[in-house]
Structure formats: C-alpha cells, structure tokens
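Trainee: Following this message is one structure expressed as structure tokens.
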Amino acid sequence: MALSANEVWGAISAATNMYPAAMPNLIARIRMTSRDGVTAGSVREITFGTGT
C-alpha cells in the first residue's frame, strides 16, 4: 500500500490529538514546543503516561 507524503503527514498531525485521547495511560499529552506543527523543523514533545 503506497501513501502520498500528504497522507502520511496528515496521519502524523492527527496523532497529536488522537493518541492521548485514545491511549491516555500510554501517552499523557503531545504538544508543540517549536514552530507551528506544519512547517519543517517543528518539534513535538511527548509526555508518556503512567502505563509505560
């Protein structure tokens, strides 16, 4: 199954909100620490939950 770059980036962007909601015991939160989350060089900080 081949995916376009836009499809892959869309999945990564959606994960910022989806993963903490779906797995709060594994991922407590994901937040942007640098830039806007869209442009190159954006950095996400992942805080792992108590279940890890």
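We did not get these values from a lab; they are worked out from the coordinates using the rules stated. Just so it is clear, the structure is predicted and the values come from calculations on it, not from any experiment. When we count neighbours, we look across all protein chains shown, and the Cβ atoms used for this are built from the backbone with ideal geometry, even at glycine.
Trainee: Would you pull out the residues with amide H under 5 Å of Gly49's amide H, same chain only if 5 or more places away, H placed 1.01 Å from N?
Mentor: Counting only residues 5 or more places away or on other chains, the set is Leu26, Ile27, Ala28.
Trainee: From the C-alpha gyration tensor of the chain, pull out the three semi-axes of the equivalent ellipsoid (sqrt of 5λ each), sorted largest to smallest, in whole Å.
Mentor: 22, 16, 7
Trainee: While we're looking at this one, here's another question. Quick one: length gained pulling Thr16 to Ile30 fully straight, 0.36 nm per residue minus the C-alpha distance?
Mentor: The span from Thr16 to Ile30 would gain 4.5 nm if fully extended.
Trainee: To continue, here is another question. Sort 21-34, 3-16 by packing, meaning the average of other beta carbons within 10 Å per residue, with the highest value first.
Mentor: On the way: 21-34: 12.6, 3-16: 10.9.
Top to bottom by mean Cβ count within 10 Å: 21-34, 3-16.
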